[in-house]
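Asks: Mind having a look at this structure? Questions to follow.
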Amino acid sequence: MNIHALMHTPFEKPGYIEQWANEKRHNLSITRFYESNILPAFDNVDWLIVMGGPMGVYDEDKYPWLKQEKNFIKQFIEGGKTVLGICLGSQLIAGVLGAKVFPNRYKEIGWFKIRTTGQAEKEDLFNFFPEEAVVFHWHGDTFNLPAGAVHLAENEACKNQAYIYDERVIGLQFHIEVTKNLLNEMLDGGNDELIKGEYIQTEDEIRKGINYCEGANHLLHRLLDKMEEKFRTL
């Protein structure tokens, strides 16, 4: 497959997604919006993956390429292709689908549990997720659930942690792509956000949870495998 990722900042990389793609011998190309806004042709991409970033969906004045990116995402959703959004990516997809994106009551940074909803077990792409899992979070915004989307996961800090739309478009508010190396890069790049907060861990607490990466990557591996199986039937 030809997989294309959209990156918004140097320290929010595809992480384990790249490792999975290499193992499966898929081609992974990347648009780095902080360097260039050149995008591939629609017909040359099978999957679209939208990564995270510190900006907001609504920050088009500061990041003019956001408008172009939203149109690109919309083209893929309306074109029936597989799309995965992580953190900012999940917010961008939600916005493209007509949902409101806005600052969450809490910033959530660190290792916190998510819980799957009763609907998650009915979804083929998500029914392997445990009822509870510790995953990595780094976000200040949230979104309303898009019309027609299925709510998959939640926690006390943020109601909408995961959703699926049309059985092939997935939004994850959390970071299961984070590897040990990527976690260090994210901490170096966003250290100024680690202020005192109810759902903001200290750098030491985050680093102590680094072994959670392995379990998170295992979940992502299974998700990507299931998405690959689904893609073969589209």
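Laboratory data are not the source of any read-out in this text; all were calculated from the coordinates shown. Only a predicted model underlies this, so the values are computations on that prediction, with no experimental measurement involved. Cβ placement follows ideal geometry from the backbone for every residue including glycine, while neighbour counts extend to all protein chains displayed.
Asks: Scan region 32-54 residue by residue and report those that are surrounded by 17 or more Cβ atoms within 10 Å (Cβ to Cβ) and closer than 17 Å to CYS87 by Cα.
Replies: Selection gives PHE33, LEU48, ILE49, VAL50, MET51, GLY52, GLY53, PRO54.
Asks: Between residues in region 187-203 that are in contact (Cβ under 8 Å) with a residue 12 or more places away in the chain and of a type in the set (D, E, K, R) and residues that are surrounded by 14 or more Cβ atoms within 10 Å (Cβ to Cβ) and assigned to a helix (DSSP H, G or I), which pairs lie under 9 Å by C-beta distance while being six or more apart or on different chains?
Replies: Within 9 Å, the pairs are GLU203/LEU187.
Asks: Quick check, is LEU66 buried (at least 21 other Cβ atoms within 10 Å of the Cβ) and under 21 Å from VAL169 (Cα atoms)?
Replies: The answer is yes for LEU66.
Asks: Go through region 97-124 and give me each residue that's surrounded by fewer than 20 Cβ atoms within 10 Å (Cβ to Cβ), part of a strand (DSSP E or B) and basic (Lys, Arg).
Replies: Across region 97-124, the qualifying residues are ARG105, LYS113, ARG115.
Asks: While we're here: Could you grab me the full set of residues in region 172-186 that are under 20 Å from ILE49 (Cβ atoms) and either free of Cβ contacts under 8 Å to residues at least 24 places away in the same chain or part of a helix (DSSP H, G or I) (or both)?
Replies: ASN181, LEU182, LEU183, GLU185, MET186
Asks: Restricted to region 204-224, and to residues that are free of Cβ contacts under 8 Å to residues at least 12 places away in the same chain and in a helix (DSSP H, G or I), which residue is surrounded by the fewest Cβ atoms within 10 Å (Cβ to Cβ)?
Replies: The extreme case among them is ASP204.
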